[in-house]
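A short write-up of the structure that comes next.
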Amino acid sequence: MVPRRNAPGPGYGANPPGAKGTRMRTSRRVPVALLALSVAAALGVGVWSSATPVKAGTAPVTAVSTDFEDGTTQNWAPRSTDETVANSPTVAHDGTHSLAVTDRTESWQGPTLDLLDTMELGVQYTIAAWVRLADGDASTSARLSVERRLGDAVNYETVVGDTTLNAGSWTQMSGTYTLANDVDFLTVYVETSDGTSSFFIDDFTMTYVPAIPIEADIPALKDVFADSFPIGAAVGRAQLLGEHGQLLSKHFSTLTAGNAMKWDATEPTEDAFTYTDADAIVAYANANDIAVRGHTLVWHNQTPSWVFQDASGATMTATEENKTLLLSRLENHIRNVAGHYADDIYAWDVVNEVIDEGQSDGLRRSTWYTVTGLDYIRTAFAVAREVAPNAKLYINDYNTTVAAKRDALYDLVSQLKSEGIPIDGVGHQMHGNVDWPSAADTDAALTKFAALGVEQQVTEMDISVYTDSTSSHDTISADLLARQATRYQALFDVYAAHQADLTSVTLWGLADDDTWLKTFPITRLDLPLLFDEQLQSKPAYWSIIGQPSPTASTTASASASASTSASASASASASASGTTACAVTYSVAGQWPGGFQGAVAIGNTGTAAINGWTLGWTFADGQQIAQLWNGGFTQSGSTVTVTSEAWNGTIAAGGSASFGFLGSWDGTNTMPTSFTLNGQTCSG
Ligand code: 9MR
């Protein structure tokens, strides 16, 4: 695949390392925990999955660590009966031992570790290992993957793509993985890309950062934009689980399957259709009243190679016979996939990225085009309309803010519409960055297509923090996040001005913990979405809903309460001057040796709104709060004072506000039962 770029912006084109390949998908079986979470999400109820660790916080927790210093293989085993896996004192990354794999006869052979009882569903793990070739072996590359099975269905998922190993030195391989499918077999393994060199691994770790609950009290995006357009996110199965699922159902009224409906996922081999992940996503959407965009029926990427092979297995050339074969495969694919989801999908990206403004006719020279001309587009729309008559049919592309690109797309859509091809809408992907595109160019794109009488959608929006393809930061500064917020706001202002033409705006991802921009155009830290890696709201979120980001006010309220903490806490515990109508629910959401997570809801049982709140209580057993969300807090001795944030200070009569925290305990963890609200005892 040839990376391409004709304009500023992050750019993309090739499959990034770690992308899911054309592997077989499992048959569908929704685990009980997932069903429980879906139902809970549908009800808007926060629950802890039994499969999810109940701890929360920001420090990584080690789930597995093997350093081989005890002289054993620490449960690592060979993948086959050929190779030998043994503890070795020959070399070590740290200490004196490592694990050696020798006698390999195939490149896929290597050391493997059973994770079935260790890895939890829906938790994002960082998996890392140090790998080294035997002395004297020529440089080669290795990759680290997960093999998961359910019954007879086997999947191989790359966690760390091909990584060069140099003779005589250790290389760290590190990547993230979230188990999103039910399994009855689960292992991690290391193999080489080719060849059969012996190699060593050492200091393998599998860690995770415990989830923080989502912010339950911040405005839901789907409510904020209810009068403008549905708002969506692109997701995979991992985004349906736990806190991710809660975030998705709280904020979004439409979703797109980021990969699960593409050709490589739905028809990996000819006429064998698999919908495991896509069906799970659609079921979640239906259970949570979220509309589904279909993405995508025809693309030049993520299409298995068999599609473009002629009857003899050779790559297709432009002959009449091949054109007939390719169009019949296309028709069969769309008949099945769009037909399968005829009642579930309200809009399909029928064709994706067919424009190349560098060509004199503006048409991408994909195999689709070179073998069939424009007929693949005509066929795709005609068949989609026939089998999914209720779906809006879209042509989707990136860089429509670039004049030459949008003009080429406009000309194509005009021509096809004049031929009677059923194109209902134009999708603007809107992959941008902190400086690009401008509001003026975005306005020009939406204005141009309004004149064509088609619907429009923003289909894949994200805002990279980088403006080039080479920079890389270890941390992203607050300034950069503020610049990102400004860009988001500028573009959403344009969308709002065009809301009559726009039938949805979709972000290309749910939160910064999972975005294609972490591996494209290079592997680097990128944070392009509205929610951060812990699923908490970013300045970009606050900018598009038109409210000040509480990041600043959190600090302000924390320092303000710090300066008054002595008197505030005294009044909370000792000098409550009366009673006020409120009911506080305090619960321990999870507890483990030394730590716990608390959840507090303040109910206003009076008849007037509470405008700004300060809640106080006293811990009986020396518990200490370490971190608190949806409020500012101080703790003086055993007395705790929590103050509202800008966005959750008002509690309407009959309404409630809630916050959560992480704390430490020792011996006993008695829950407080009496509280003060704004200096008065909570009663009622
Ligand atoms: O988000 C998708 C990513 O996980 C895949 O690895 C990638 C590879 O083709 O495709 C990504 O989604 C693309 C979308 O389907 C079409 N427009 C560009 C998106 C980002 O590459």
### Pair-distance profile P(r), taking every C-alpha pair of the range 376-482, with 10 angstrom steps and integer %
13, 39, 26, 15, 7, 0
### Summary
Total charge of the residues flanking HIS333 in space, meaning their Cβ is under 12 Å from its Cβ, with Lys and Arg +1 and Asp and Glu -1, is -2
### Message
Given R₀ = 60 Å, what would the calculated FRET efficiency be for THR319 paired with LEU480, taking r from the Cβ atoms and rounding to 0.05?
### Response
0.70
### Query
Arranged from highest to lowest average of other beta-carbon atoms within 10 Å per residue, in what order do the peptides 214-227, 664-677, 252-265 appear?
252-265, 214-227, 664-677
### Along principal axes, Cα extents of the range 219-316, largest first, whole Å
57, 27, 17
### Task
Highest first, please rank the peptides 498-510, 110-122, 644-656 by the mean number of other Cβ atoms sitting within 10 Å of their residues.
498-510, 110-122, 644-656
### Task
May I ask for the distance between the Cα centers of the range 71-137 and the range 419-473, given as a whole number of Å?
46
### Query
Are there GluC sites (Glu not before Pro) in the range 337-424 that DSSP marks as loop and that have at most 13 other Cβ atoms within 10 Å, and which are they?
GLU419
#### Entry: Surface share of carbon and sulfur [accessible, 1.4 angstrom probe, percent] for the range 322-390
43
### Query
Of the listed peptides 606-615, 189-198, 312-321, what is their order by residue-averaged count of other C-beta atoms within 10 Å, with the highest listed first?
189-198, 606-615, 312-321
### Summary
Using alpha-carbon coordinates alone, the radius of gyration and Dmax of the chain in Å work out to 27.4, 90
#### Entry: Paired Rg and Dmax values of the range 342-429, which use every Cα atom, in angstrom
12.7, 40
### Message
Given a 1.4 angstrom probe, what's the average accessible area per residue across the chain, in square angstrom?
### Response
38
#### Entry: Listed residue pairs exceeding 26 Å between alpha carbons, taken from LYS448/LYS518; LYS250/LYS405; LYS250/LYS538; LYS250/LYS448; LYS417/LYS448
LYS448/LYS518; LYS250/LYS405; LYS250/LYS448
### Summary
In deg cm²/dmol, rounded to the nearest 500, the helical mean residue ellipticity at 222 nm of the chain, built from -39500 (n - 2.57) for every DSSP H run of length 4 or more, is -7500 deg cm²/dmol
### Euclidean distance of C-alpha centroids, the range 361-409 and the range 579-634, integer Å
55
## Note on the structure
Computed on Cα atoms, the radius of gyration and Dmax of the range 113-178 in angstrom are 14.2, 42
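The values are calculated or read from the model by the stated rules, or taken from the named source; none is laboratory data. This one's a predicted model, so the numbers in the text were calculated from it and none came from an experiment. Glycine also receives a Cβ, built like all others from the backbone with ideal geometry; neighbour counts cover every protein chain displayed. These area figures cover heavy atoms from the full protein model, side chains too; ligands, DNA and RNA do not enter into them. Shrake-Rupley method; radii C 1.70, N 1.55, O 1.52, S 1.80 Å.
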